[in-house]
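Chemist: The structure follows.
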Amino acid sequence: MHSNTGLLESSNIATKMWYDEIDNPGYDFENPGYYQNPGTGHMTAILWKATTELGCGISGRFVVCHYCNKTPNVIGGFEQNVLPKKVDGAPESNTDMSFLEILEQCSSRQFVKDGKCENCPTYERPSDDRKSCFKPECPPDKVNCTKGFCIKCPDGMIPTADQKYC
């Protein structure tokens with residue numbers, strides 16, 4: 001799955017755009033299927049119940065995603081994998097939609113905790129799911145900079161024992 005990013009800053013914003021296909025052009029849960037609902041393939045792919053592992057990243061002007069376990073949008077599988085809307089409009093298979101809406105407001109250095117954006121502590125960075133922070137394990141020749149990424153020491157310098165400084 002991919003999307004031309006234009007001004008998009010993160011794959012989370014692209015995910016929200018893809019999810020919005022539920023209303024525009026709209027998905028008919030009474031008549032499920034790929035050909036029955038043209039223009040909703042991104043939305044059905046991210047909601048596909050059997051797909052539980054997905055990786056996304058930005059490459060140039062595109063958001064590119066790879067489904068790691070079960071392929072979505074399989075003809076004949078829509079009724080079992082794209083579940084009907086709940087009363088509040090969110091599909092039963094996606095309980096994180098409000099999380100994604102909150103995440104849109106966060107910077108790349110923040111994670112979502114208790115429904116709001118929080119800063120990661122010094123030397124940590126957000127986890128891939130953006131629900132916590134972690135301190136990365138750096139190789140012996142690198143240090144953990146204050147933003148939670150491993151960087152190489154300049155030539156002739158070695159990291160301190162705690163890997164915080166060169």
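Chemist: Only one of these conditions is not met by Leu100: (1) at negative phi; (2) at pLDDT 75 or above. Which number is it?
Modeler: (2)
Chemist: A follow-up question, please. Determine, yes or no, whether Asn12 is at pLDDT below 85, open to solvent by less than 50 Å² (accessible area, probe 1.4 Å), of a type in the set (S, T, N, Q) and in a loop (DSSP other than H, G, I, E, B).
Modeler: Numbers: at pLDDT below 85: yes; open to solvent by less than 50 Å² (accessible area, probe 1.4 Å): yes; of a type in the set (S, T, N, Q): yes; in a loop (DSSP other than H, G, I, E, B): no.
In short, no.
Chemist: Do you know which residues across region 108-166 are under 27 Å from the mean Cα position of the chain (by Cα), among the basic types (Lys, Arg) and in a strand (DSSP E or B)?
Modeler: The answer is Lys113, Lys116, Arg125.
Chemist: Here is a further query. Regarding Pro91, is this residue over 26 Å from Pro136 (Cβ atoms), open to solvent by 20 Å² or more (accessible area, probe 1.4 Å) and at pLDDT below 80? Spell out how you get there, then give the answer.
Modeler: On the way: over 26 Å from Pro136 (Cβ atoms): yes; open to solvent by 20 Å² or more (accessible area, probe 1.4 Å): no; at pLDDT below 80: yes.
No.
Chemist: Does Tyr27 satisfy the condition of being outside any helix (DSSP H, G or I) and modelled with pLDDT of 80 or more?
Modeler: In short, yes.
Chemist: Considering region 127-166 alone, what residues qualify as being over 30 Å from Val112 (Cβ atoms) and among the polar types (S, T, N, Q)? Full working, then the answer.
Modeler: Keep residues of region 127-166 that are over 30 Å from Val112 (Cβ atoms), which gives 140-141, 152-161, 165-166.
Hit for region 127-166 is Thr160, nothing else.
Chemist: Sticking with this one: In region 30-69, how many are not in a loop (DSSP other than H, G, I, E, B) and not small (Gly, Ala, Ser)? I'd like the intermediate steps shown before the answer.
Modeler: First, the residues of region 30-69 that are not in a loop (DSSP other than H, G, I, E, B): 41-47, 54-59, 62-67.
Next cut, not small (Gly, Ala, Ser) only: 42-44, 46-47, 54, 56, 58, 62-67.
Number satisfying all stated conditions: 14.
Chemist: I want to confirm something. Restricting to region 30-69 and keeping residues that are charged (D, E, K, R) and in contact (Cβ under 8 Å) with a residue 40 or more places away in the chain, which single residue is farthest from Tyr19 (Cα to Cα)?
Modeler: Residues of region 30-69 that are charged (D, E, K, R), as a first pass: 30, 49, 53, 61.
With in contact (Cβ under 8 Å) with a residue 40 or more places away in the chain added as a condition, the list becomes 49, 61.
Numbers: Lys49: 14, Arg61: 19 Å.
The residue in question is Arg61.
Chemist: May I pose another question? Looking only at region 105-137, count every residue that is β-branched (Val, Ile, Thr) and either more than 23 Å from Asp162 (Cβ to Cβ) or buried (at least 18 other Cβ atoms within 10 Å of the Cβ) (or both) and tell me the total. Quick ask: steps written out before the conclusion?
Modeler: As a first pass, look at region 105-137 and keep what is β-branched (Val, Ile, Thr): 112, 122.
So of that shortlist, the ones also either more than 23 Å from Asp162 (Cβ to Cβ) or buried (at least 18 other Cβ atoms within 10 Å of the Cβ) (or both) come out as 112.
Going through region 105-137 one residue at a time, the tally reaches 1.
The values are calculated or read from the model by the stated rules, or taken from the named source; none is laboratory data. All of these numbers come straight from a predicted model, not from anything done at the bench. When we count neighbours, we look across all protein chains shown, and the Cβ atoms used for this are built from the backbone with ideal geometry, even at glycine. In case anyone asks, the SASA skips ligands and DNA or RNA and just uses the protein heavy atoms, side chains included. Shrake-Rupley method; radii C 1.70, N 1.55, O 1.52, S 1.80 Å.
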